[in-house]
1. Filter segment 217-244 down to the residues that are in a loop (DSSP other than H, G, I, E, B) and within 12 Å of the chain's Cα centre (by Cα) and list them by number.
2. Looking only at segment 197-212, which residues are more than 16 Å from residue 155 (Cβ to Cβ), free of Cβ contacts under 8 Å to residues at least 40 places away in the same chain and in contact with a strand residue (DSSP E or B) (Cβ under 6 Å, 6 or more places away or on another chain)?
3. Quick check: is even one residue across segment 45-57 farther than 20 Å from residue 234 by Cα, surrounded by 15 or more Cβ atoms within 10 Å (Cβ to Cβ) and modelled with pLDDT of 60 or more?
4. Exactly one of (1) without any contact (Cβ under 8 Å) to a residue 12 or more places away in the chain; (2) touching a strand residue (DSSP E or B) at 6+ places or on another chain (Cβ under 8 Å) is unmet by residue 216. Its number?
5. Here are 144, 135: which of them is at positive phi, out of contact with any strand residue (DSSP E or B) (no Cβ under 8 Å at 6 or more places or on another chain) and not in a helix (DSSP H, G or I)?
6. Hey, among the residues in segment 99-121 that are in contact (Cβ under 8 Å) with a residue 24 or more places away in the chain and more than 22 Å from residue 47 (Cβ to Cβ), which one's surrounded by the fewest Cβ atoms within 10 Å (Cβ to Cβ)?
7. Mind checking which residues of segment 56-81 are over 29 Å from residue 97 (Cα atoms) and in contact with a helix residue (DSSP H, G or I) (Cβ under 7 Å, 6 or more places away or on another chain)?
8. Residues that are without any contact (Cβ under 8 Å) to a residue 12 or more places away in the chain, surrounded by fewer than 17 Cβ atoms within 10 Å (Cβ to Cβ) and in a strand (DSSP E or B): does segment 83-98 have at least one?
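The values are calculated or read from the model by the stated rules, or taken from the named source; none is laboratory data. In this text, all values refer to a predicted model and were calculated from it rather than measured experimentally. Heads up, the Cβs are rebuilt from the backbone with ideal geometry, glycines too, and the neighbour counts pull from every protein chain shown.
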């Protein structure tokens with residue numbers, strides 16, 4: 001990607017951080033943030049299926065494949081992340097919901113592991129609660145909440161929608177939001193780096209890296225790389241556990257945006 005495009009990506013990043021730090025706040029903070037009533041500069045990527053090569057360690061060295069499926073009709077969306085090996089789906093995450101003025105608004109997140117029953121978290125927006133299927137106590141639903149999969153495409157959509165022509169936006173230190181998993185609700189904070197090169201089999205691309213560091217509740221690091229040349233879709237996803245186990249997903253050859 002040309003250097004001018006990398007500079008443009010940096011400017012989008014500054015605007016995104018400035019807006020999101022003000023808009024993705026818990027409900028109690030909204031009285032302090034008038035900008036929270038504004039719509040986010042959101043642009044949903046076109047429907048796509050992205051294949052990934054997977055390497056990592058899960059007790060022992062691991063190799064496999066993954067697929068991120070993103071579909072929407074402009075009003076409703078569905079996203080899936082499938083982790084596979086030997087033709088078997090070892091892990092499936094699914095997020096379904098609406099596309100609103102502030103981006104993705106999940107209704108339900110489901111998780112299914114091979115040989116286990118599906119579990120889920122439901123976003124009950126009328127009552128303002130998140131209800132879990134497996135006995136986790138209900139949680140208060142915050143404005144801007146995402147599930148552990150929808151956050152991938154929410155960040156992509158915010159990057160794609162941010163405008164380079166709006167001057168004077170304040171750069172925030174991080175993007176903070178409520179994250180919902182199949183058994184938890186907690187606060188996640190993503191810090192962004194300047195564009196860096198990500199080596200794919202078909203060549204290098206410039207990408208912004210977002211990092212969520214481990215929290216007291218969940219000792220897991222999440223790293224996401226987004227490339228402007230790939231319609232701001234994630235070209236690399238890395239999940240690292242506290243014991244050193246990790247999965248590293250890298251966009252496969254022949255996958256088109």
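1. Start the filter on segment 217-244 by keeping residues that are in a loop (DSSP other than H, G, I, E, B), which leaves 217-219, 231-232, 242-244.
Selection gives 232 alone.
2. Those that are more than 16 Å from residue 155 (Cβ to Cβ), free of Cβ contacts under 8 Å to residues at least 40 places away in the same chain and in contact with a strand residue (DSSP E or B) (Cβ under 6 Å, 6 or more places away or on another chain): 197, 204.
3. Scanning segment 45-57, I find at least one residue that is farther than 20 Å from residue 234 by Cα, surrounded by 15 or more Cβ atoms within 10 Å (Cβ to Cβ) and modelled with pLDDT of 60 or more, so the answer is yes.
4. Tallying (1) without any contact (Cβ under 8 Å) to a residue 12 or more places away in the chain; (2) touching a strand residue (DSSP E or B) at 6+ places or on another chain (Cβ under 8 Å), residue 216 fails exactly one: (2).
5. Details: 144 fails: out of contact with any strand residue (DSSP E or B) (no Cβ under 8 Å at 6 or more places or on another chain).
Only one candidate qualifies: 135.
6. Among residues in segment 99-121 that are in contact (Cβ under 8 Å) with a residue 24 or more places away in the chain and more than 22 Å from residue 47 (Cβ to Cβ), the one surrounded by the fewest Cβ atoms within 10 Å (Cβ to Cβ) is 114.
7. If the condition is that a residue be over 29 Å from residue 97 (Cα atoms) and in contact with a helix residue (DSSP H, G or I) (Cβ under 7 Å, 6 or more places away or on another chain), then no residue fits.
8. no
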